[in-house]
Amino acid sequence: VTNSHQLSGKDVKRIIKEVSAVFPSLSEKEVKKIIPSKSEVTVSKMSNKTLVYSVAGGCPVFFEYEDELFPTVYTLWEYPGMLQTVFTYSEVMRASLDVVHINNRFRTHGESRTCRLARRSLRVQI
């Protein structure tokens, strides 16, 4: 963590609005449960320039990487339907680990083209 501070009420409203826009599967009530409008929201800047949003000293709820908002694992546990889930088996996951992450783009070995991926959660079944 390189820097951490509490967001102003205006910034909290902006984050709530952004969460509602980016994750339309969440109801307004669910968004306000994750980030209550009158709560203390802390943003922490990590050394890789990722911003991590936490509510009232609790677990992180969202993070922002390269201007894109993502839920944390803690938020996905509470609201698993907020992202489309891709299911796979542990054997397939091991074989899939030769995917190379390059600048928020993914390329598998043997492919020369890159593509931007949508937000998804990955659930590995053992």
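The values are calculated or read from the model by the stated rules, or taken from the named source; none is laboratory data. Please read all numbers here as calculations on a predicted model, not as lab measurements. Neighbour counts run over all protein chains shown; Cβ positions are idealised from the backbone, glycine included. These area figures cover heavy atoms from the full protein model, side chains too; ligands, DNA and RNA do not enter into them. Shrake-Rupley method; radii C 1.70, N 1.55, O 1.52, S 1.80 Å.
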- Considering the stretch 2-28 alone, what residues qualify as being within 16 Å of the chain's Cα centre (by Cα) and hydrophobic (A, V, I, L, M, F, W, C)? Ile15, Ile16, Val19, Ala21, Val22, Phe23, Leu26
- Search the stretch 1-34 for residues being more than 14 Å from Thr75 (Cβ to Cβ) and part of a loop (DSSP other than H, G, I, E, B), and hand back the single one that is modelled with the lowest pLDDT. Val1
- Sort out which residues of the stretch 56-101 are at pLDDT below 65 and closer than 28 Å to Pro24 by Cα, and write them in order of number. His101
- Go through the stretch 35-60 residue by residue and tally those that are over 18 Å from Lys10 (Cα atoms) and either assigned to a strand (DSSP E or B) or open to solvent by 30 Å² or more (accessible area, probe 1.4 Å) (or both). 9
- Task: With the condition kept exactly as written, say whether any residue in the stretch 76-83 is assigned to a loop (DSSP other than H, G, I, E, B), open to solvent by 60 Å² or more (accessible area, probe 1.4 Å) and either on the phi < 0 side of the Ramachandran plot or not basic (Lys, Arg) (or both).
- Result: no
- Task: Of the conditions (1) among the acidic types (Asp, Glu); (2) part of a helix (DSSP H, G or I); (3) closer than 20 Å to Ser121 by Cα, Glu64 clears all except one; give me its number.
- Result: (2)
- Task: Consider Val22 carefully, then state whether it is surrounded by fewer than 11 Cβ atoms within 10 Å (Cβ to Cβ) and in contact (Cβ under 8 Å) with a residue 24 or more places away in the chain.
- Result: no
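Each row is one residue, and each column tells you yes or no for (1) in contact (Cβ under 8 Å) with a residue 12 or more places away in the chain; (2) small (Gly, Ala, Ser).
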| residue | (1), (2) |
| --- | --- |
| Ser4 | yes, yes |
| Ser47 | yes, yes |
| Phe62 | yes, no |
| Leu69 | yes, no |
| Trp77 | no, no |
- Task: Looking only at the stretch 21-42, decide whether some residue is more than 22 Å from Arg119 (Cβ to Cβ) and touching a Phe, Trp or Tyr at 6+ places or on another chain (Cβ under 9 Å).
- Result: yes
